[in-house]
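Since every read-out is calculated from the coordinates, none of them should be taken as a lab result. Computed from a predicted model, the values in this text were never measured in an experiment. Counting neighbours? That spans all protein chains shown, and the Cβs are built from the backbone with ideal geometry, glycine included.
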Amino acid sequence: MSTSLETDFGTDVGGGVDRRRLLLGALGVLGFLLLWEVASRFNPPYVLPSPRAVADVFVVELRSGAMGTALVASVTHWLPGTVVGTTLGIALGVTMAYSDLADDLATPLVRVLRPVPPLALIGFAIAWIGLNHAGAAFIIAAGAFWINYYAAYGGVDGVSEEFLDVAKSLGVDTDLGLIRKVVLPAALPEIITGIRTGIGRCWMLIIAAELMGVPGVGRELYTASQNLSVDAVLAYILLMSLVYLVLDTGVGAVQNRVLAWQ
């Protein structure tokens, strides 16, 4: 059974490489590719192209610069949207969980707005901001906000009152001091988990954010699907997966380092 001391990609707690996990992962990928190859032989290319055909399109799109241009465009709105949504979500979650007054004031509004999916906000983004990177960033920020809000709220709400009492007895007598020295460190595991989940969720949201016509990877994927270019669709899905893999691995490494004391 996998333990919490292992990372997601085959390294153990000491930083060494777990060769067994890497080998099993490689075998799983190879098995998937073999099944895909076999299935593609029983379907026309416009239904299920072969792995080789998808790889060829991926290389063509990469060499032409179209894939790189789309990736840069997506990052242009993904990054600020993720940062803004994450920051606001954590700030509100910490505030509401720590302050009963803030919780009572904001909870009804939170319950009304929480069920609204980011995709439903496209019309507002167009009307308020326009068909541009800022409008797409607004959609992405909405997706990041709620994940980080609930992660921060749950983390802070779970902090033991005994920690606060001990801190007060040691001279930490202001709310800001308690939050900075006790609440945030105690809630850090949940907050970082929310950040990691939100980053991945926001990367997947670029497709929805770019439906309004903003250029990017999601827009290229959508255009290819409209043209029934399944090989191009899969090539851009592969690009999204590779970027997500890099992002999640990087954030996971930071998470393991920051929470090494656990």
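Placing pseudo-labels 7 Å out from each Cα toward the beta carbon at I129 and D103 gives an inter-label distance of 3.1 nm. By the compact-protein rule of thumb, 2.2 N^0.38 Å, the alpha-carbon radius of gyration of the chain corresponds to a ratio of 1.21.
Could you identify which residue out of P108, P117, P45 has the top mean-square fluctuation in a GNM of the chain using Cα springs shorter than 10 Å? Sorting by GNM fluctuation, first place goes to P108.
Which three numbers, in whole Å and largest first, are the semi-axes of the equivalent ellipsoid of the stretch 38-166 derived from its Cα gyration tensor as √(5λ)?
On the way: eigenvalues 351, 77, 47 Å².
They are 42, 20, 15 Å, listed from largest to smallest.
If you wrap the stretch 88-235's Cα atoms in a convex hull and average its projection over all directions, what's the area in nm²? All intermediate terms of the calculation are to be shown ahead of the outcome.
On the way: hull surface 42.2 nm².
Average projection, Cα convex hull of the stretch 88-235: 10.6 nm².
For the chain, the longest principal axis of the Cα atoms and the long axis of helix 51-64 meet at an angle of about 80 degrees. For the stretch 20-46 versus the stretch 93-158, the spacing of their alpha-carbon centroids is 39 Å. The slack in the chain from T249 to K168, taken as 0.36 nm per residue of separation less the alpha-carbon distance, amounts to 25.3 nm.
Here's the picture: charge each Lys and Arg Cβ at +1 and each Asp and Glu Cβ at -1 in the chain, and of P215, F145, L48 the one pushed furthest to the positive end of that dipole is L48. Angle between the Cα long axis of helix 66-98 and the longest principal axis of the chain, 0 to 90 degrees, nearest 10? Compared with the principal axis, the helix lies near 20 degrees.
Enter the angle in degrees (range 0 to 90, nearest 10) between the Cα long axis of helix 184-204 and the first principal axis of the Cα atoms of the chain, meaning the one along which they spread out most. It is inclined by approximately 20 degrees.
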